[in-house]
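One structure below.
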Amino acid sequence: MDEMHKFSNLYRNWISLLGTLLGVCALVIDLIMIVMDATHDNLSAYFGLVSYLLIPLFVGACGAVVVLGMILTHFRVKRQGAVPRLPVIDLADRRTVIRLAAFSLVGSVLVMGGIVVAYRAYHFTESVDFCGSVCHTVMKPEHTAFGQSPHANTSCAECHIGSGAQWFVKAKISGLYQVYSVLFNKYHRPIETPIQSLRPAKDTCLACHWPSKFFGSALRIWTHYGSDEKNTPWTIKMLLNIGGGNPAYGRIRGIHWHMEGVNTVEYIATDSKRMVIPWVRVSDQSGKVTVYRTEDKKSRITDQQAASLPRRSMDCMDCHNRPAHPFRSPNELVDLAMSEGRLDSTMPSLKAFGVKVVAAPYKTEEEALAAIEQGLRGKYPGDARLDSTIREIQALYSGNFFPEMKVRWNEYPNHIGHKITAGCFRCHDGDHVSESGKRIPKDCNTCHMILAQGADKELAEVSSSGLEFKHPEDVGDEWKTSRCDTCHTGSP
């Protein structure tokens, strides 16, 4: 018992006692917070951050302080000539048995509590609230856009990490640098899209989306409003040739002809954002391989260059690159709000003016909202619809523009379509040709077919064989020879 008494004396120092006191207080507070989290819904993300990460880390630090105090005491005693030995556990001694039982009980409780905290901490760090709310300013644009996307009920980790330990470890290592970037204000504005580090779509997207079941066509209707005083509507009813990858449902054709596993499409991009694609190789189901090169001398690459440059196999993310974080252009925002009745299309020149005030550059969100209100009140004084119009256009801005992070629609182009970005025309520009003279088609009907277009009266005339696109404004044949995004930028 003398040995145990000497060993226990190591604990009797101010450093260890202080560490114990602080650790016990923090542990009690943490237990209360964990119970509150288990019994209450919709608590703040910061509540979880404190209860499952910060306080447990503090308790661990207190434990380290206790050990440090004992080590310092050990060396102090050793300098005095007395070296403490390990205790002898005598189970025949009643006090020793009681102490051992108490130690085991407390240790078991702490271990079980640690497991619960670790489990909850793991799930908390995988949650949408943790990803989007804790680093509020930095991730506010992505979190806001995510809440408006079709994937709003999917957690961030399901797409950005997926299953498996390898990608989990990669994500957590990457997360450490992100924490450093936030703490020391080293992050880029706007946040750069992680194009190179994203997990392949086959490991994430295809867990829910079943490509072999894609087939046929899908009807889409878009209504655009002119920038004239009457906000003249122009509607296009279109069949998108979705196609698919299962011969049992029809011929392999349409947009999803490009899917991995149906046909293998490889390409070389000469820029980091994969906007310039001078080389494409297609391996179809029969095993035939065709290589297409752009005829543009500025971007064309030689065989030697193609052999040395990295190639990418096309997957879902090459077209569906903004599936959960879309930032819409001002034109698209106002068109959509008008077509859904959230903005009154009978207000004179509202389309043009609404787009103008939304697209204008602002330094802060507060400045933007104030300028939008001031501009609309000056444009439509006394209009009974003014207050609701101001609220709606301010909401359009707040959901898609984040000046503090320099986030606008043109910072994150959406490759679906080809109206305001190159999109499909990165390859389907009529400029990519094979050695045999075959070109990647630019024909509109390859991917979609227009059933009806124009104003209300013209929409009554539906063509089952498809119509040639008719530009709302008289631009002659220029739309046939120029890319759409040459003129259409998404703003005035």
Quiz item: Say we look at segment 331-376 and pick out the residues that are over 19 Å from Glu404 (Cβ atoms) and of a type in the set (Gly, Ala, Ser); which of these is surrounded by the fewest Cβ atoms within 10 Å (Cβ to Cβ)?
Solution: Gly341
Practice problem: Please specify each residue of segment 319-364 satisfying the condition of being in contact with a strand residue (DSSP E or B) (Cβ under 7 Å, 6 or more places away or on another chain) and either under 13 Å from Arg408 (Cβ atoms) or of a type in the set (Asp, Glu) (or both). | Solution: Phe327, Asp335
Quiz item: For segment 308-327, how many residues meet the condition of being touching a residue at least 12 places away in the same chain (Cβ under 8 Å) and either among the acidic types (Asp, Glu) or part of a helix (DSSP H, G or I) (or both)?
Solution: 4
Quiz item: If we keep just the residues of segment 218-246 that are within 28 Å of the chain's Cα centre (by Cα) and outside any strand (DSSP E or B), which is farthest from Ser174 (Cα to Cα)?
Solution: Asn241
Quiz item: Which of the residues spanning segment 255-290 are out of contact with any Ser or Thr (no Cβ under 6 Å at 6 or more places or on another chain), not charged (D, E, K, R) and not in a loop (DSSP other than H, G, I, E, B)?
Solution: Ile255, His256, Trp257, His258, Val265, Tyr267, Ile268, Trp279, Val280
Quiz item: Could you count how many residues in segment 344-355 are assigned to a loop (DSSP other than H, G, I, E, B) and either more than 19 Å from Gly490 (Cβ to Cβ) or touching a helix residue (DSSP H, G or I) at 6+ places or on another chain (Cβ under 6 Å) (or both)?
Solution: 5
Quiz item: Mind checking which residues of segment 227-260 are buried (at least 16 other Cβ atoms within 10 Å of the Cβ), charged (D, E, K, R) and modelled with pLDDT under 80?
Solution: Glu260
Quiz item: From the list Lys442, Lys379, which one is in contact with a His (Cβ under 6 Å, 6 or more places away or on another chain), surrounded by 14 or more Cβ atoms within 10 Å (Cβ to Cβ) and among the basic types (Lys, Arg)?
Solution: Lys442
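Do you know which residues across segment 126-155 are in a helix (DSSP H, G or I) and modelled with pLDDT under 85?
Val128, Asp129, Phe130, Cys131, Gly132, Ser133, Val134, His136, Thr137
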Quiz item: Just a yes or no: is a residue in segment 137-149 surrounded by fewer than 18 Cβ atoms within 10 Å (Cβ to Cβ) and either among the hydrophobic types (A, V, I, L, M, F, W, C) or under 30 Å from Phe469 (Cα atoms) (or both)?
Solution: yes
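A quick yes/no check of all residues on (1) touching a residue at least 60 places away in the same chain (Cβ under 8 Å); (2) in a loop (DSSP other than H, G, I, E, B); (3) of a type in the set (Ser, Thr, Tyr):
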{"position": "His428", "(1), (2), (3)": "no, yes, no"}
{"position": "Leu451", "(1), (2), (3)": "yes, no, no"}
{"position": "Lys457", "(1), (2), (3)": "no, no, no"}
{"position": "His488", "(1), (2), (3)": "yes, yes, no"}
{"position": "Pro492", "(1), (2), (3)": "yes, yes, no"}
Quiz item: Do we have Ser133 as surrounded by 13 or more Cβ atoms within 10 Å (Cβ to Cβ) and in contact (Cβ under 8 Å) with a residue 60 or more places away in the chain here?
Solution: yes
Exercise. Inspect segment 282-301 for any residue being crowded, with 16+ Cβ neighbours inside 10 Å, touching a residue at least 24 places away in the same chain (Cβ under 8 Å) and basic (Lys, Arg) and give the result as yes or no.
Key: yes
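For every residue, the table says whether it meets (1) assigned to a helix (DSSP H, G or I); (2) among the hydrophobic types (A, V, I, L, M, F, W, C); (3) at pLDDT below 95; (4) in the same structural domain as Pro190 (by TED's automatic domain parsing).
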position: Ala306; (1), (2), (3), (4): yes, yes, yes, no
position: Ala337; (1), (2), (3), (4): yes, yes, no, no
position: Arg342; (1), (2), (3), (4): no, no, no, no
position: Val357; (1), (2), (3), (4): yes, yes, no, no
Practice problem: Please find, within segment 397-419, the residue that is surrounded by the fewest Cβ atoms within 10 Å (Cβ to Cβ) out of those that are touching a Phe, Trp or Tyr at 6+ places or on another chain (Cβ under 7 Å) and outside any loop (DSSP other than H, G, I, E, B). | Solution: Pro403
Quiz item: Only one of these conditions is not met by Leu451: (1) surrounded by fewer than 18 Cβ atoms within 10 Å (Cβ to Cβ); (2) closer than 24 Å to Thr235 by Cβ; (3) out of contact with any helix residue (DSSP H, G or I) (no Cβ under 7 Å at 6 or more places or on another chain). Which number is it?
Solution: (1)
Quiz prompt | Residue, modelled with the lowest pLDDT, within segment 264-281, restricted to residues that are within 15 Å of Asp315 (Cβ to Cβ) and surrounded by fewer than 18 Cβ atoms within 10 Å (Cβ to Cβ) | solution = Thr264
Quiz item: Looking at segment 156-198, which of its residues are exposed (fewer than 12 other Cβ atoms within 10 Å of the Cβ), in a loop (DSSP other than H, G, I, E, B), over 13 Å from the mean Cα position of the chain (by Cα) and not small (Gly, Ala, Ser)?
Solution: Phe184, Asn185, Lys186, His188, Gln196
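The values are calculated or read from the model by the stated rules, or taken from the named source; none is laboratory data. Here the structure is a predicted model, which means the values were calculated and not measured. Cβ atoms come from the backbone with ideal geometry, glycine included; neighbour counts cover every protein chain shown.
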